[in-house]
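As structure tokens, the structure follows; a few thoughts come after it.
The values are calculated or read from the model by the stated rules, or taken from the named source; none is laboratory data. For clarity, every value in this text was computed on a predicted model and none was experimentally measured. Positions of Cβ are backbone-derived with ideal geometry, glycine not excepted, and every protein chain shown enters the neighbour counts. For the accessible areas, the whole protein counts, side chains as well, though only heavy atoms, and no ligand, DNA or RNA atoms are used. Shrake-Rupley method; radii C 1.70, N 1.55, O 1.52, S 1.80 Å.
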Amino acid sequence: MFVAQKNARKSLVEGALENTVSSPFNFRTQLVNTLAYPIRALLKSTDAVSCAIPGLIGAVLLLIAGCVAMQPQETMLLQQSRFGELEGLMESRIKDPAAAPTSQLFYLCFAHSKIKHYNKLFPCLEHLQQNIDQGDFKLYWFDFSAAPALMRAEAFMEFGNYTKAISEARTAYRLTKTKNAYLQMKIYALTAVALAHALNGDRNEAESFAAELEAVNTSYPNNLMASDKYTGLAKVYMALQNYPRALAAIKKDEENQGFKGFADLITGASLAGQSLFTYWELPKRYMLNKSLLETGEIAAAKAGYDQLLQLPRTKDNGDIYWLILLDRGRIAELDGDRDKAIDFYRRAIEVIEQQRSTINTEASKIGFVGDKQDVYKRIIAPLLGADRHTEAFEYAERAKARALVDMLAERQRFAPKELDSREIQEMLAQLAELEATSLIQEAQIDATQRATRRRAVTTAREKIVSAAPELASLVTVLPLSAAEIQGLIGPDEALVEYFYEDDELVAFVVTREAVQGVKLDGGDLGDLVRTFRVAISDYKSDAYLATAQKLYRRLVAPVVGMLGRPKLTIVPHGELHYLPFNALHDGQAFLIDRFAVRLLPSGSVLKYLKKRGNPAPQELLVFGNPDLGDPKWDLRGAEAEALEIARSRPGSTVLLRRNASETVIKKLGGQFRYLHLASHGKFNSDRPLESGMLLAGDAENDGRLTVSELYDLELNADLATLSACETGLGVLRNGDDVVSLTRGFLYAGARAIVASLWPVSDEATYDLMTEFYAKLELSGKRDALRAAQLEVRDKYPHPFFWAAFQITGDA
């Protein structure tokens, strides 16, 4: 009995002393290790020492408590993870950041970093970096030169800028190789560089740095840092989707987790009513349960997630909360409970749509960036299975709205549409500030205060919705209901909206009378689109026809019986934005032979295609063959096309070469009813907002009219025609580059856009455009384009010559 009690006490003390975790940059590591070694030796020396254990523990705790009391207040707050108080303390002490020493600035910057106060973090790091560059790089006796780069790397990961994160993390790691660098900082730097590479898809680099991290010696006297190492490894393997190894690392770390209360005690956190683990426990428990789910331990993951969902703090961490709800929905589907799965997905979407920001504040904590579009995809299938087609369609619309908001999240300025510019910018600035405040992670903020912050964000968003509905559709998820969209569709028209993810493809057919959803075969759809585009580019061959028919069978045949109307509106999704629908073939005829087709970026955009105010006072502004500074970019056919179109419409203004400048369209574009740009286009799949039209540059503008700039432009055009030779559409990604350009022109004030999907010969484009403008006098835009394409087809039968142009927007 005595031996058993002695062994239990011995195990308790050894576990507590050997496994104490350090808070970030915990400077008491050496103290606790120094105490742990002789106590461990004493425990093993004799049974008689069991009688002295309580007194020994008390002596140790008194010594540590004394150290806590004697250390600077900022160090104590840092080690207790009271980062909100730490920020306030240091801000009260530092009157001029430019003059503050590293011994103060480090604590301030670290507090900004931990509570995600991004707008304060980067200026603080600039001052800290200046100090280090001037030789003030030590904190206590350690070299902290790597601190600014490390904090920047973490922030860039959360912004999704992995290229910059990699650069900063590598810098941090290089700086931790100095003699006096703090070992814990080396572990953090290795974690950061491996994680940034993993999130960027650089598997080999990530695994190489992970191996180096695993080799870091965390045995005595560095055993307190083992938790940081294994947590870092778990993050990296999560990002690599190597869930078995992530789970192994988490379990290795879990072996050391019986000491949490003891760690809070020796750091003084529990004395302050706080815990080191407030923002540490939830990410680690998410990682554990995510790894369990992905390795097939479904029951354990379900139980773990359900425990997390019962914790009040889980709801406060939106970035992890929606991920938990998503996975619980997946588990519910595996359990065969469709209704519960729908409910979990619905709740996850509600969390996602509460914020405009795309910042992932947990990326550096959990090694995982969730795909928000995945939630929308997952809710659609069970809704269709329950014959709730209208709801499924509405979630498809919300998915497209969310994608647009994500694309534009970095923008804070937009041209006014309903209000004056000053009022618009004030509203946007207020919303941005409130959203930034809502991201701040402070343990000292209670549930009531957090709810107040969320309500303030909601109120600011509702204010914009009320005052400027079209602007609101760019900064928040604001789709129309299915009934509203149905009311905007013409009686002779059907809308077909596609939605797909991976191999799952759905088509929604929407008319004034009904909404119907159909599951289609989405297998290898992207490959089919690419194959078709390659085949159609060979205008001397009919090889394209086989793929044109295969795509027709996949995309149109299953729904054609539901259409029954001569006009067709198509809302593509993903790589379908690159597909010339008019060239699809049913074995007897092309789609253009049966339907007059237009495209839309979403059904909800129908609301914003109405005329704005008085018509533009001038008729047509034509840009032709802008001087791009290199003869290889000259388009002589575009110049002839511009001149002929201008001659066909009295009152036109034609600008060629140096006169066809970006500056002119920005200054005069709003005065014309029609805009025609015959030039090159540049598409950027990685950064869709940088896609745009290439025009002549001058002292005021560089000549590249980007999508981002379109949102600052005010047009009043009934039609913008982009008769462009594109230069970057060969790499097909997710279609964001294409939809962003048309959506940008629509917001700028163009009610419709005619644009090409590939470079077309000068002669065919000349014929098509002159026919199109001639027929605009007799019919609507959609019918005019169709008629022009059919006439050009008589002269140039191959679809390469006539199918590239599509109309988006008002028909």
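General remarks:
- The set of residues in region 562-577 being in a helix (DSSP H, G or I) and either open to solvent by 30 Å² or more (accessible area, probe 1.4 Å) or within 20 Å of residue 764 (Cα to Cα) (or both) consists of 562 alone.
- Sub-6 Å Cβ pairs linking a first residue in region 450-476 that is without any contact (Cβ under 8 Å) to a residue 60 or more places away in the chain to a second residue that is open to solvent by 50 Å² or more (accessible area, probe 1.4 Å), at least 6 apart or interchain, are 460/430; 468/418; 472/478, ordered by first then second residue.
- Tabulated pairs, region 528-547, first closer than 18 Å to residue 796 by Cβ, second surrounded by fewer than 17 Cβ atoms within 10 Å (Cβ to Cβ) and modelled with pLDDT of 90 or more, C-beta under 6 angstrom, 6+ apart or interchain: 535/543
- Selection count, region 103-143, where residues are in contact (Cβ under 8 Å) with a residue 60 or more places away in the chain and assigned to a helix (DSSP H, G or I): 4
A quick yes/no check of all residues on (1) buried (at least 18 other Cβ atoms within 10 Å of the Cβ); (2) part of a loop (DSSP other than H, G, I, E, B); (3) among the polar types (S, T, N, Q):
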site: 331; (1), (2), (3): yes, no, no
site: 340; (1), (2), (3): no, no, no
site: 349; (1), (2), (3): yes, no, no
site: 356; (1), (2), (3): yes, yes, no
site: 365; (1), (2), (3): yes, no, no
site: 373; (1), (2), (3): yes, no, yes
site: 376; (1), (2), (3): yes, no, no
site: 379; (1), (2), (3): yes, no, no
site: 387; (1), (2), (3): no, yes, no
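- In region 362-378, residue modelled with the lowest pLDDT [restricted to those that are over 15 Å from the mean Cα position of the chain (by Cα) and of a type in the set (D, E, K, R)]: 365
- Selection from region 214-229 of residues that are in a helix (DSSP H, G or I), at pLDDT 90 or above and surrounded by fewer than 22 Cβ atoms within 10 Å (Cβ to Cβ): 214
- Here residue 197 passes the criteria (1) touching a Leu at 6+ places or on another chain (Cβ under 9 Å); (2) in a helix (DSSP H, G or I) except the one numbered (1).
- Restricting region 164-194 to residues that are of a type in the set (D, E, K, R) and either part of a helix (DSSP H, G or I) or at pLDDT 95 or above (or both), the residue that is farthest from residue 216 (Cα to Cα): 164
- Test: residue in region 301-312 that is in a loop (DSSP other than H, G, I, E, B) and either open to solvent by less than 30 Å² (accessible area, probe 1.4 Å) or more than 19 Å from residue 401 (Cβ to Cβ) (or both): yes
- Selection count where residues are open to solvent by 10 Å² or more (accessible area, probe 1.4 Å), hydrophobic (A, V, I, L, M, F, W, C) and touching a strand residue (DSSP E or B) at 6+ places or on another chain (Cβ under 9 Å), scope region 788-811: 1
- Leading residue by the ranking (nearest to residue 389 (Cα to Cα)) among those in region 517-536 that are touching a helix residue (DSSP H, G or I) at 6+ places or on another chain (Cβ under 6 Å) and open to solvent by 30 Å² or more (accessible area, probe 1.4 Å): 521
- Considering region 687-706, the residues that are touching a Phe, Trp or Tyr at 6+ places or on another chain (Cβ under 9 Å) and hydrophobic (A, V, I, L, M, F, W, C) include one that is nearest to residue 475 (Cα to Cα), namely 689.
- Within region 712-737, the residues that satisfy the criterion of being in a loop (DSSP other than H, G, I, E, B), modelled with pLDDT of 85 or more and open to solvent by less than 30 Å² (accessible area, probe 1.4 Å) are 713, 715, 718.
- Selection count, region 397-410, where residues are in contact with a Lys or Arg (Cβ under 9 Å, 6 or more places away or on another chain) and either assigned to a loop (DSSP other than H, G, I, E, B) or open to solvent by less than 10 Å² (accessible area, probe 1.4 Å) (or both): 5
- Region 175-194, residues that are farther than 24 Å from residue 79 by Cβ and buried (at least 24 other Cβ atoms within 10 Å of the Cβ): 193, 194
The rows are residues; the columns are (1) open to solvent by 50 Å² or more (accessible area, probe 1.4 Å); (2) among the hydrophobic types (A, V, I, L, M, F, W, C).
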{"position": "617", "(1), (2)": "yes, no"}
{"position": "633", "(1), (2)": "yes, yes"}
{"position": "637", "(1), (2)": "no, no"}
{"position": "643", "(1), (2)": "yes, yes"}
{"position": "649", "(1), (2)": "no, no"}
{"position": "657", "(1), (2)": "yes, no"}
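- Scanning region 738-763 for residues that are more than 29 Å from the chain's Cα centre (by Cα) and more than 18 Å from residue 681 (Cα to Cα) returns a single hit, 763.
- Qualifying residue in region 420-431 (condition: at pLDDT 75 or above, charged (D, E, K, R) and open to solvent by less than 30 Å² (accessible area, probe 1.4 Å)): no
- Take the conditions (1) without any contact (Cβ under 8 Å) to a residue 40 or more places away in the chain; (2) farther than 17 Å from residue 132 by Cβ; residue 176 misses just one of them, which is (2).
- Selection count, region 194-225, where residues are among the small types (Gly, Ala, Ser) and touching a residue at least 60 places away in the same chain (Cβ under 8 Å): 1
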